[in-house]
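The values are calculated or read from the model by the stated rules, or taken from the named source; none is laboratory data. Worth saying up front: this structure is predicted, and the values here are computed from it rather than measured. We place every Cβ from the backbone using ideal geometry, glycine too, and count neighbours over all the protein chains shown. Remember, those area values only see protein heavy atoms, side chains included, never the ligands or the DNA or RNA. Shrake-Rupley method; radii C 1.70, N 1.55, O 1.52, S 1.80 Å.
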Amino acid sequence: MKLGIFAKTFEGTEPTTVLNSVAAAGFTCAQYNMACSGLAPMPEIITEAQARSVAGAARASDVEIVAVSGTFNMIHPDRSVREAGLRNLATLAERSAGMSTALITLCTGTRDPIDQWKAHADNNTPEAWRDLLEAMGTAIEIAERYDVDLGIEPELANVVNSAEKAHRLISALKSSRIKIVLDPANLFEFATLDEQRSIVSSAIDVLADRIVMAHAKDRNPDGSFATAGKGVLDYAHYLGRLKAIGFNGSLVTHGLSASEAAGVATFLKNSLDGHSAGAGR
């Protein structure tokens, strides 16, 4: 597996600065965010030169851009907000090739009007599912037009809140453009070790043929998120299950500070090699 990190972990509004920091911390790939180019995360306009500068910085730093973040609230209660997000997704997709990537990560969304990562009671309604199917249909048309794939991530706070629901979405859409970004820390809040292992194993088995990226963060015993290797997630089990399905894509960490990055790179390398040493585990 390739070791990666969210580029926006590091300060900077110029791709060379940010991607050099990625490489210096020990990572060979990154999930890019347009904020690292001094733009909004989902900008209305990305020039060809701005896109090329990302690809140039990636070559110079020897850091592969394995994805670019394209998250917006796909089931926002205001249709105009959803439509604006889809327009900006098209902008991002049009420039993805110029940035040397072909994967855009999405947020399946929530009915919360303020925070796209906050759960809402209406997320499980038929209306929310209808709006997601409509938005994903448009997103797939965009992906086909610009030859990119779309990575969705099961996330407790979003409408796709389980591996089973992700599989249901894939079955409904019938598009090879839909891929899975798997983050086991997003699949449980509180769980015994056996429950956690069962949840992670089941998710990997159900989604195996669509997983293109694995995320790496953690959970504290109180349910809050933690830096990879500093919480309760059984990384030996998680990575072992990914290896068992033949996954050889990118393992991308996030939810950490820049000062923790090198330590997490060491922890993940050791975990992949089968060693127990690491970042405070």
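Points to keep in mind about this one:
- Test: ASN20 is modelled with pLDDT of 95 or more, under 18 Å from ALA265 (Cβ atoms) and surrounded by fewer than 22 Cβ atoms within 10 Å (Cβ to Cβ): yes
A quick yes/no check of all residues on (1) under 24 Å from ALA51 (Cβ atoms); (2) open to solvent by less than 60 Å² (accessible area, probe 1.4 Å); (3) without any contact (Cβ under 8 Å) to a residue 12 or more places away in the chain:
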residue: ASN88; (1), (2), (3): yes, yes, no
residue: ALA97; (1), (2), (3): yes, no, no
residue: THR101; (1), (2), (3): yes, yes, no
residue: TRP117; (1), (2), (3): no, no, no
residue: ALA121; (1), (2), (3): no, no, yes
residue: ILE140; (1), (2), (3): yes, yes, no
residue: ASP147; (1), (2), (3): yes, no, no
residue: GLU155; (1), (2), (3): no, yes, no
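- Some residue of region 58-67 being farther than 25 Å from PRO15 by Cβ, modelled with pLDDT of 95 or more, open to solvent by 50 Å² or more (accessible area, probe 1.4 Å) and not hydroxyl-bearing (Ser, Thr, Tyr): no
- Here region 7-17 is the region considered, the condition is being crowded, with 23+ Cβ neighbours inside 10 Å and under 30 Å from LYS243 (Cβ atoms), and the residue that is farthest from the chain's Cα centre (by Cα) is THR9.
- Scanning region 23-45 for residues that are buried (at least 20 other Cβ atoms within 10 Å of the Cβ) and either more than 21 Å from the chain's Cα centre (by Cα) or of a type in the set (Gly, Ala, Ser) (or both) returns ALA25, ALA30, SER37.
- Yes/no for GLU44 being charged (D, E, K, R) and outside any helix (DSSP H, G or I): yes
- ALA203 passes every criterion in (1) small (Gly, Ala, Ser); (2) under 21 Å from ALA226 (Cβ atoms); (3) loosely packed, with under 14 Cβ neighbours inside 10 Å apart from (3).
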